[in-house]
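Data first, discussion second: the structure below is written as structure tokens.
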Amino acid sequence: MRIGNVKVQLDRDGNRTFNKAGMHDFLGRFVRILSDAYNFNFDLEGRIHRIDGFPSPHSWDWLQRTMANDWIYYDKVWTHGGIPHPASIIGDAAWAVNGRTDLPMLAGHKGLDRDYVAKAFVAFDALIGDIRDWLRDRPAVHSESGTETASAMDANRLWDFLAKAAKHDREHLQQVADKLHSIHGHMRVLPPDTIHVDYRVILVKVMDGCVNDCGFCVARGEAPFALRSKSDIDRQIDALPEIYGSDLCNYNAVVFGECDALASPLLEYAARRSFDAFRCGASFHLGSSLFFFSTNKTLCEAPDSTFDMLDALPFENVYVNIGWEAATDAALARLGKRQTAAEVTAGMKKAGEINRKRRKVKISGNFIIAEELHSGDIIHAIRDTRYCGQLYLSPLRGACSGRKALNDLHDIRRVNTDVTVHLYTMQRM
Ligand code: SF4
């Protein structure tokens, strides 16, 4: 439909598999408003989700907002210094630049700090102002071509949606994020596998904090280690659907916080309740996924029955991410990680066996890379343990160049075709 020069497209269907590699890289169900040069994509509750329409040569880029009200700059063509396409480095077709935890090869990327980004935000603010004026003045609504008057039914649907969008100016969007955080708190780093769903996850905390205190940690929250009770898990799961509202259909994935969810005796309970309450099986997106971190110690101590339980969950995929970080005692000590190389090897061996044997449980692992750390140690551990599965490399902040990160990535990749390796792109909730 059309109001003046502005077009509103209700009922837009994007990609259902989170694939951003094609020309058609819009994901999920959304409502689009085309105004001046911009495409404003709103979620089904009228909250801005994505803004496209930057001037050339940035016309492939876009801005995307999370439910935690973080704006992320998506860039498909950043090739500064001749770095390869992001798909071969991070496993996705676009760099998600957040300005906080970006990879070293994104050094110099201005992200949100660009004139045309500021202009897009101004255009969004102006659009919300226009929508409020329309709701007051009720101008004529026409078909998209502008030749016919829209039916009363279509016009009513349009006004209903615009009434939702009008509420969600930037201040109100922050209030929604604050309410969300008042339910479950923050999660400083999402598990790396959440890149498979473009970080579109619903968070439930089954525990807080971490038993470790690694020197390099950017993931541990403020709270001390503690397991959440059944009633607290229920409280979160009961409160979240109201915030997501009709946009719940755009979510098929849940992340359990915080750093050692496998330690929670209520994991199965929380997983089954989340799957039902968030209707993960009825999502617009294909499949369904559960993501969480575990410490290596918890992984090693977990009996087979734990993985039987995970394999029997209603989610199609269960991703567990382990922080191995380094493969020698010297490197672990240098990083301040209270873990021995023997423990890392035991964890990698167990993870490889699970990945070979299990249907839906997938264990992935993280290693830190830095100028002073040798990728050969990781290669040796992979060979020694016959690890197979996904690994993520995290360049140590300020201590790893983009070139070193790429070299380590390629060296480790050459070892074993059963191991997939990418760099970790850290996002938060
Ligand atoms: S185990 Fe992970 S979350 Fe815990 S302190 Fe170490 S790096 Fe941080």
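The values are calculated or read from the model by the stated rules, or taken from the named source; none is laboratory data. All values derive from a computational prediction rather than experimental measurement. Cβ: placed from backbone, ideal geometry, glycine included. Neighbour counts: every protein chain shown. For accessibility, only protein heavy atoms count, side chains too; no ligands or nucleic acids. Shrake-Rupley method; radii C 1.70, N 1.55, O 1.52, S 1.80 Å.
Would you be so kind as to identify which of Ala166, Ile131, Ala253 lies farthest towards the positive end of the dipole of the chain, taking Lys and Arg as +1 and Asp and Glu as -1 on Cβ and the Cα centre as origin?
Ranked along the dipole, the leading option is Ala253.
Under Stokes-Einstein, with the Kirkwood radius over Cα pairs standing in for Rh, what whole-number D in µm²/s applies to the range 185-423 at 10 °C and 1.306 mPa s?
Result for D is 87 µm²/s.
Just how large is the dipole of the range 185-423 about the Cα centre, in debye to the nearest 20, putting +1 at every Lys and Arg Cβ and -1 at every Asp and Glu Cβ?
Once rounded to the nearest 20, the dipole reads 400 debye.
Starting at 0 and stepping by 5 Å, how many percent of the alpha carbon pairs of the range 87-185 end up in each bin?
For the range 87-185, the pair-distance distribution reads 2, 9, 12, 13, 14, 14, 13, 10, 7, 4, 1.
Any idea what % of Cα-Cα pairs in the range 384-429 are farther than 13 Å?
Tail of the P(r) past 13 Å holds 59 percent of the pairs.
Run the dipole for the chain about the Cα centre, Lys and Arg Cβ at +1, Asp and Glu Cβ at -1, nothing else charged, and hand back the magnitude in debye, nearest 20.
Using Cβ point charges on Lys, Arg, Asp and Glu, the chain gives about 420 debye.
What ranking of Lys230, Lys350, Lys110, Lys360 comes out by heavy-atom accessible area, probe 1.4 Å, highest first?
Heavy-atom accessible area, descending, gives Lys110, Lys230, Lys350, Lys360.
In vacuo Debye scattering of the range 311-429, one point per C-alpha: log10 I(q)/I(0) at q = 0.09 Å⁻¹?
-0.24
Using a 10 Å cut-off on Cβ atoms, rank the peptides 397-403, 343-349 from the highest mean neighbour count down.
The peptides rank, most packed first, as 343-349, 397-403.
With the convex hull built on the Cα atoms of the range 116-274, state its orientation-averaged projected area in nm².
Mean shadow area of the hull around the Cα atoms is 13.4 nm².
Can you compute the equivalent ellipsoid semi-axes for the range 2-169, i.e. the square root of 5 times each eigenvalue of the Cα gyration tensor, sorted largest first and rounded to whole Å?
33, 16, 14
Could you report the range 2-169's accessible area per residue, 1.4 Å probe, as an integer in Å²?
I get 44 Å² per residue for the range 2-169.
Given the pairs Lys76/Lys119; Lys205/Lys357; Lys297/Lys360; Lys76/Lys297; Lys362/Lys404; Lys205/Lys349, which span a C-alpha to C-alpha distance of over 30 angstrom in this model?
Where the Cα-Cα span goes over 30 Å, the pairs concerned are Lys76/Lys297.
By a straight-distance test (C-alpha under 19 Å), which lysines pair with Lys164 as possible cross-link partners, with residues fewer than eight away in the same chain excluded?
Correct list for Lys164: Lys7, Lys179.
Taking only Cα atoms of the range 146-228, what ratio of Rg to Rh do you get with Rh as the Kirkwood inverse-distance radius?
For the range 146-228, the value is 1.22.
Which residue, chosen from Cys217, Ile72, Val117, occupies the Cα position most advanced towards the positive end of the dipole of the chain, where the dipole is computed from +1 (Lys, Arg) and -1 (Asp, Glu) charges on Cβ about the Cα centre?
Result: Cys217.
Evaluate 2.2 N^0.38 Å with N set to the residue count of the range 103-150, then give the Cα radius of gyration divided by it.
1.91
Over the alpha carbons of the range 208-294, what is the largest minus smallest coordinate on each principal axis, giving the biggest first in Å?
Extents along the principal axes: 41, 27, 22 Å.
Can you tell which of Leu27, Ala341, Ile48 lies farthest toward the positive end of the dipole of the chain, using +1 and -1 charges on the Cβ of basic and acidic side chains (Lys, Arg; Asp, Glu)?
Ala341
What translational diffusion coefficient, in µm²/s and rounded to a whole number, does the Stokes-Einstein relation yield for the chain at 10 °C and a viscosity of 1.306 mPa s, taking the hydrodynamic radius as the Kirkwood radius over Cα pairs?
69
Give me the net charge of Lys167's neighbourhood, meaning all other residues with Cβ under 10 Å from the Cβ of Lys167; Lys, Arg count +1, Asp, Glu -1.
Neighbourhood net charge equals +1.
Can you return the aspartates and glutamates within cross-link range of Lys110? Criterion is Cα-Cα under 13 Å, with same-chain partners fewer than 8 residues away left out.
Filter leaves Asp61, Asp75, Asp102.
Which peptide among 196-203, 298-305, 277-284 comes first, and what is the full order, when sorted by highest mean count of other Cβ atoms within 10 Å?
Top of the packing list down: 196-203, 277-284, 298-305.
At 0.36 nm per residue, and after removing the present C-alpha to C-alpha distance, how many nm does the segment from Ala226 to Ala333 gain when stretched out fully?
Taking 0.36 nm per residue and subtracting the Cα distance, the gain is 35.9 nm.
What part of the accessible area of the range 2-169, given as a whole %, is carbon or sulfur when the probe is 1.4 angstrom?
After summing per-atom areas, the C and S share lands at 51 percent.
Let's test this: bin the Cα-Cα distances of the range 337-380 at 5 Å from zero up to the farthest pair and state each bin's percent.
It works out to 5, 18, 24, 25, 16, 9, 3, 1, in whole percents.
Highest mean first, what order results for 320-328, 383-391 on Cβ atoms within 10 Å?
Highest mean packing first, the order is 320-328, 383-391.
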